[in-house]
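Reading through the structure tokens given below for one structure.
The values are calculated or read from the model by the stated rules, or taken from the named source; none is laboratory data. Please read these numbers as outputs of a predicted model, since none were measured by experiment. Here the Cβ positions follow ideal geometry from the backbone for every residue, glycine too, while neighbour counts run over all protein chains shown.
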Amino acid sequence: MTKRASIASLIPDSQDIYRKIVFEIADGIIGIDDHGVIRLCNPATESIFGWQTGELLDKPLEVLLPERVHGFHQKLVAGFQSGNAEARYMGQRSTTIVGRRKDGAEINLGITILRTSAAGAPMMVAVIRDISDHVRYQNDLKRLAETDSLSGLFNRRAFRANVLHSVGANLANYSSMTIFDLDGFKGVNDRFGHDAGDEVITCFSEVLHNSIRATDIAGRWGGEEFVLFLPNLKGAAAIAVIERIRANFTARDFKWEGFPSANFTVSAGLAVAPPGLADFSDMIASADKALYDAKRGGRDQLISIEMQQQEALAS
Ligand code: GH3
Ligand code: MG
Ligand code: MG
């Protein structure tokens, strides 16, 4: 049966208006029978999923879904079939519905499912909208809101949010909070210019980013100050990470026209928080105190502080 014939048999002649809506609407409309086989499919569905006219009819619905969501989708459909709702919108929650085009590309979908029947047999109809552009736009906005544009690292707000999330998940373990402050940075701007200063900031950000684990969280605290949170790391292991970052940064040669090549140093304050400590401000304050000691002690060094259990309990 061709697609047109198939749709025609499901929509009585007297209901021309419905036929027109199904054919012309930009949203995909798709109907599946009890066995999950596609029995109705409008032109918009084919164009959303990149199939040719009539190709989707009589295929299992699974051809429109990435393999990894097949099980989840079957449960979703079974839940809807056994429930009381006549219609349900899916795609609003944080996990959007993912579909797969014929070429394998994944797309984000907003879907309304309806329970109905056609020619005496039960049928589930889905009205499908491709919301990929919308999801991409949302993700772009989120990234812009969270990222510092010069360094590409988390900004202060996003850093705090990510640390609190990580601490919440690792409350039973030690963690380390470090603040870095580039040494004599006013002098860099004054001698080499503001663009050179920006280059040094970018370089330190790269070194920081390239020296940490995927679970570590780095941010630009402001100006030439950076923060690093190391979950599940303390003592010598944490110190080794910070010292490697400091050494990698100092090893970078900067060469600006008219000047001999230059190297820079960075001071750091490290606070090791005992298990159970979730107070962000306390960790930052302790790291800042250690940083102050590092500056006062002559710069180009790391000072670390072990936060006390009492402090943790008091917070
Ligand atoms: P110290 O060793 O004590 O840290 O000395 P310092 O010169 O680094 O002192 P301070 O932290 O007070 O100076 C920070 C300077 O960083 C001041 C500010 O002009 C400069 N700065 C802040 N943000 C930026 C930026 O985005 N780009 C550039 N080029 N400079 C910046
Ligand atoms: Mg500073
Ligand atoms: Mg400084």
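Looking only at the stretch 143-191, residues that are more than 25 Å from E306 (Cβ to Cβ) and within 12 Å of ligand 1 (Cβ to nearest atom) come to 13 in all. When the stretch 167-190 is filtered for residues that are in contact with a Ser or Thr (Cβ under 7 Å, 6 or more places away or on another chain) and more than 16 Å from ligand 3 (Cβ to nearest atom), only V167 remains.
Are any of the residues in the stretch 208-220 within 11 Å of ligand 1 (Cβ to nearest atom) and of a type outside the set (S, T, N, Q)? Looking through the stretch 208-220, at least one residue is within 11 Å of ligand 1 (Cβ to nearest atom) and of a type outside the set (S, T, N, Q).
When the criteria are applied in full, R220 meets the requirement of being within 17 Å of G269 (Cα to Cα), at pLDDT 95 or above and not polar (S, T, N, Q). The listed residues are A237, A271, A285, and the only one of them that is out of contact with any Phe, Trp or Tyr (no Cβ under 7 Å at 6 or more places or on another chain), closer than 20 Å to V163 by Cβ, touching a residue at least 40 places away in the same chain (Cβ under 8 Å) and not aromatic (F, W, Y) turns out to be A271.
Residue under question is D34, and the condition is that it be modelled with pLDDT of 95 or more and in a loop (DSSP other than H, G, I, E, B); does it hold? Considered against the rule, which asks whether it is modelled with pLDDT of 95 or more and in a loop (DSSP other than H, G, I, E, B), D34 comes out as no. Can you work out which of the residues in the stretch 1-31 that are charged (D, E, K, R) and modelled with pLDDT of 90 or more is surrounded by the most Cβ atoms within 10 Å (Cβ to Cβ)? The selected residue is D27. Within the stretch 215-231, the residues that satisfy the criterion of being of a type outside the set (V, I, T) and either more than 16 Å from ligand 2 (Cβ to nearest atom) or under 20 Å from the mean Cα position of the chain (by Cα) (or both) are D216, A218, G219, R220, L228, F229, L230, P231. Step by step: first the residues of the stretch 222-251, then only those that are away from ligand 1 (no atom under 16 Å from the Cβ) and either charged (D, E, K, R) or part of a loop (DSSP other than H, G, I, E, B) (or both), then the one that is surrounded by the fewest Cβ atoms within 10 Å (Cβ to Cβ). Which residue is that? Per the criteria, the residue is A251.
Looking only at the stretch 240-275, residues that are over 33 Å from the mean Cα position of the chain (by Cα) and within 16 Å of ligand 2 (Cβ to nearest atom) come to 1 in all. The strands (runs of 3 or more DSSP E) falling completely within the stretch 89-205 that include 3 or more residues that are more than 16 Å from ligand 2 (Cβ to nearest atom) and closer than 30 Å to P275 by Cα map to 175-182. Evaluate the stretch 105-127: report whether one residue or more is within 16 Å of ligand 1 (Cβ to nearest atom) and more than 19 Å from the chain's Cα centre (by Cα). Looking for residues that are within 16 Å of ligand 1 (Cβ to nearest atom) and more than 19 Å from the chain's Cα centre (by Cα), one finds none in the stretch 105-127, hence no.
Reported count of residues in the stretch 291-303, each being in a helix (DSSP H, G or I) and free of Cβ contacts under 8 Å to residues at least 60 places away in the same chain, is 4.
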